[in-house]
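For reference, the structure discussed in these notes is given below.
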Amino acid sequence: MFPTSAAVAAVTAQQANQGNIFVSGETCKELKDEIFRQQAATAMQNSSNLLPNDAELLESIPERVQDYTDIYPLERVTNVGGRSNLISNVFGIVTSLYRAINVNTNQTVCLRRVHSYQPSGQSQKSLYWLIDGWKKIQCPTMVRLIQVFTTKDFGDNSLVFVYQYFPQSITMMQQYFNDPQAAALGGGPNSIYGFSATNRPYSQQHAIMKNRLLPENLLWHYIIQISSALRQIHSFGFAYRILDPTKILITTPIPKGPPSQLAPSQYPRVRLNSCGLLDIVIHDLEVQGKTNNLKEALFQPYQSDDLVAFGQLLLALATNSLSSAQRSNWEAALEQITRTYSPDLKALIVSLLSIKQQQNSSVRRTVNDIMPLIGARFYVQLSLSYEALDNAQVELEREALNGKLFRIMVKLSMINDRPELRMDPTWSETGDRYMLKLFREYLFHQVSEDGTPWLDCGHVVSTLIKFDAGSPEKICLISRDGQHVLVVSYAELKKCFDSAFDDLQS
């Protein structure tokens, strides 16, 4: 403990606080904690998804597939009623999902493997066209397709789709329809393309589910995000074709509790998943005889199907029952929506469901036609986006500063107390390095008037900022034994710092 000196200013308890230099506020703290949880989830292998007898699954996974390694399954293999869970209800093909790391970029990605796939050589040109087209689509409300390739590393001819990876994400099916009560009403492991029938009357379903309905603002939040993704996909001439709760990812955490208690800032982000997979897998059958005006021939009818499926999805979400999307239940579901939600929401859903009936019209209906029905609610979404951007900007500025100061402290630690350099045992105790040693004492080892350690992060941060800027302000540096006193400017210390670090590198 070196003695108190004039260089140590008297500080109050309030001044010794850390100050406003780190992430602050509950919202920002929750965001940072969530980032850390996602990083941890990305780095660890989540064996809780696997059953004890799934060791064979792990053993069957190759160590490396093309440029991807550390491959780990994201779903376990089960069989219900003789049907494997790897057989997609939407695609009707066997697929499996893995997390992997690109060895070249160190990027964590999601691999969706289509088992036993063999493309024909007759339509390779259109296949490449499809893949390149989907890869070009960039949208914040869809999971981006990064790469598609074939491989025999899994022991068969597999087609592998490489997508963005969002750790700890769940599907809309898991969030809203995969509970025992919903399953009893036809909301089990089905998709809106293949509902199971239910023996319960619709009025009974409504009575059970009425307390679990989503708030209308949340529904409009989903409508704007999903319609934005569809608009982007359709603008490229493609169609999504699989608008289903099992293929819509919720990629931000939803706080526990009833949906009605969510604040607008807590509304989740959603992204359309598995984009382009269906087009690429079954393209061989569809492109035959349609090589001219391929986009118009293939995808315009499917774009209308997207909008009808969008209406079905909204029916299911608004009534909290997948069976509402069955055509026979539309009328009853719309009656419930009339009693629960605004006329605008009902009008939008009716408009979407009736698009196929208006195909004979001379004007083709598109996703842009629903924009007037959304109306001023776009401003609410825009305001939330700007607010989130402003908060992120403030916190990014703090973190950028902290990162810069961290690098300075790392370099300072590499210089100080180095035993020797180039056979000189006194290298760190002489010349410029000695001043930097005293500067470290000034930074971290000061004491208050009563001799107790002065633990003030604000002092450290403000001093390092002046040091990094090369301020002409002078400070007094005192050795621990009090025998050496130096008055130097931050600019002089910065020159010593750069010179000493360059000496280490040379």
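A short reminder: the numbers here are calculations on the coordinates, not readings from a lab. Owing to the predicted nature of the structure, the values given are computational and were not obtained by experimental measurement. With ideal geometry, Cβ positions are generated from the backbone for all residues, glycine too; neighbour counts draw on all protein chains shown.
One table, with the values for the structure above:
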| quantity | calculated |
| --- | --- |
| Modelled FRET efficiency - R0 35 Å, H484 with S448, Cβ distances, 0.05 increments | 0.95 |
| Residues V487, V380, V281, sorted so that the one with the fewest Cβ neighbours within 10 Å comes first | V487, V380, V281 |
| Whole-Hz ³J(HN,Hα) from phi, Karplus 6.51 cos²θ - 1.76 cosθ + 1.60, for the stretch 226-234, glycine and proline x | 5, 5, 5, 5, 4, 4, 5, 5, 5 |
| FRET E, pair L382, C476, Förster distance 45 Å, beta-carbon r, rounded to 0.05 | 0.25 |
| For Q107, residues with placed amide H under 5 Å, excluding near neighbours | N102 |
| Order by protection proxy (mean Cβ within 10 Å, highest first), peptides 494-503, 435-444 | 435-444, 494-503 |
| Long pairs among K135/K346; K256/K356; K136/K404; K437/K466; K125/K152; K135/K404, criterion Cα-Cα beyond 27 Å | K135/K346; K256/K356; K136/K404; K135/K404 |
| Estimated FRET transfer efficiency when R0 is 45 angstrom, pair V394-F149 (beta carbons, to 0.05) | 0.60 |
| Hz values of 3J(HN,Hα) by residue in the stretch 129-139 - Karplus curve (6.51, -1.76, 1.60), Gly and Pro given as x | 5, 5, 5, 4, x, 5, 5, 7, 6, 10, 8 |
| Dimensionless Rg over Rh [the stretch 105-165; C-alpha; Kirkwood] | 1.00 |
| Cα principal axis extents for the stretch 392-505, largest first, Å | 49, 41, 25 |
| Dipole magnitude of the stretch 310-404, debye to nearest 20 (Cβ charges: Lys/Arg +1, Asp/Glu -1, about Cα centre) | 460 debye |
| Long-range HN-HN contacts of G276 with modeled amide H, under 5 Å | none |
